[in-house]
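Structure first, then comments.
The values are calculated or read from the model by the stated rules, or taken from the named source; none is laboratory data. Because the structure is predicted, anything quoted here is derived from the model rather than measured. Glycine gets a Cβ as well: all are built from the backbone with ideal geometry, and neighbour counts include every protein chain shown. Areas reflect the complete protein model, heavy atoms only, side chains present, ligands, DNA and RNA absent. Shrake-Rupley method; radii C 1.70, N 1.55, O 1.52, S 1.80 Å.
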Amino acid sequence: MADPLKLGVLISGSGSNLQSIIDHIEKGSLNAIIKIVISNNPDAYGITRAKKHGLPVLIFKHEDFKSREDFDLEVIKTLQNNHVQLVVLAGFMRILTAAFLRAFPQRIINIHPALLPAFPGTHVQKQALEYGVKFSGCTVHFVDGGVDTGPIIIQSVLPVHDDDTEETLAARILKEEHRIYPQAIQFYADGKIEIDGRKVKIKSANKTSFPALHNPPLAGY
Ligand code: GRF
């Protein structure tokens, strides 16, 4: 087997996606190693999760830095010193500067709780409900200079129910995030990802086995 892919995971909050990555690594379904967890928020619960699993954690409070650039330079230096091959944003609530993108070209991924390009930004489950979409889901994508605009690696689609609240929808989407993020990282670790402009192709991936999804379901049409 190839050497484990060296990850740097950036968090700001609960860290449930970090937990899912840790769990998949520990059970052997993700060939990666977390070299460093970085949080910009000292109160992030993800820090506790990382420490429980003996992972190295660094906290960089963004208020302590003169500028966004200075903050990013420190993070870049730390990731490089840890020989990180893939930067995994897992609920990291900061926009990256151009210097960060230059330091890790096509080597930064993010997870977003909506079906991009619909509903980028924040409070997206609320936006999806208010818009009245029948499906939502989550997206893993490469990070580029825009907000949630980079090439899409994998998406998961979920029906929106009439009685969904922001919380119930977010909870169902989060469960799917925990499945597709480790899968996207494993695609990367296996060298299966080909980027062609906006398009990401996964070498040797099967075609989806269902023809279409309907919500509400079709009644005999
Ligand atoms: C997730 O919904 C993710 O899609 C978004 O921020 C949330 C982070 O959750 N980017 P967690 O910290 O991984 O629990």
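Key figures
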read-out: Options K51, K35; residue that is in a strand (DSSP E or B) and not assigned by TED's automatic domain parsing to the domain that holds Q183; value: K35
read-out: Which listed residue, of I95, I25, I47, I33, is surrounded by fewer than 19 Cβ atoms within 10 Å (Cβ to Cβ) and within 16 Å of the ligand (Cβ to nearest atom); value: I95
read-out: Test: residue in segment 116-130 that is crowded, with 18+ Cβ neighbours inside 10 Å, within 11 Å of the chain's Cα centre (by Cα) and β-branched (V, I, T); value: no
read-out: Check on T149, open to solvent by less than 70 Å² (accessible area, probe 1.4 Å), outside the structural domain of L73 (by TED's automatic domain parsing), farther than 25 Å from Q19 by Cβ and of a type in the set (S, T, Y); value: yes
read-out: Any hit, segment 3-12, residues being farther than 18 Å from Y188 by Cβ and either open to solvent by 60 Å² or more (accessible area, probe 1.4 Å) or within 15 Å of the ligand (Cβ to nearest atom) (or both); value: yes
read-out: Segment 170-221 - residue that is among the basic types (K, R) and open to solvent by 100 Å² or more (accessible area, probe 1.4 Å) and, of those, farthest from the ligand (Cβ to nearest atom); value: K207
read-out: Inter-residue pairs, beta-carbon under 6 Å, first within 20 Å of S16 (Cα to Cα) and without any contact (Cβ under 8 Å) to a residue 40 or more places away in the chain and in segment 175-191, second within 12 Å of the ligand (Cβ to nearest atom) and of a type outside the set (F, W, Y), 6+ apart; value: E176/C138; E176/S156
read-out: Filter result (within 9 Å of the ligand (Cβ to nearest atom) and either assigned to a helix (DSSP H, G or I) or open to solvent by 60 Å² or more (accessible area, probe 1.4 Å) (or both)) within segment 13-22; value: S14, S16, N17, L18, Q19, S20
read-out: Residues that are touching a strand residue (DSSP E or B) at 6+ places or on another chain (Cβ under 8 Å) and either loosely packed, with under 13 Cβ neighbours inside 10 Å or aliphatic (A, V, I, L, M) (or both), drawn from segment 152-169; value: I152, I153, I154, V157, L158, V160, L169
read-out: Among the candidates I25, I47, I59, residue that is under 13 Å from P182 (Cβ atoms) and modelled with pLDDT of 95 or more; value: I25
read-out: Residue list for segment 133-146, filter: in contact with a helix residue (DSSP H, G or I) (Cβ under 8 Å, 6 or more places away or on another chain) and open to solvent by 40 Å² or more (accessible area, probe 1.4 Å); value: D144, G145
read-out: Leading residue by the ranking (surrounded by the most Cβ atoms within 10 Å (Cβ to Cβ)) among those in segment 60-85 that are part of a helix (DSSP H, G or I) and touching a residue at least 60 places away in the same chain (Cβ under 8 Å); value: V75
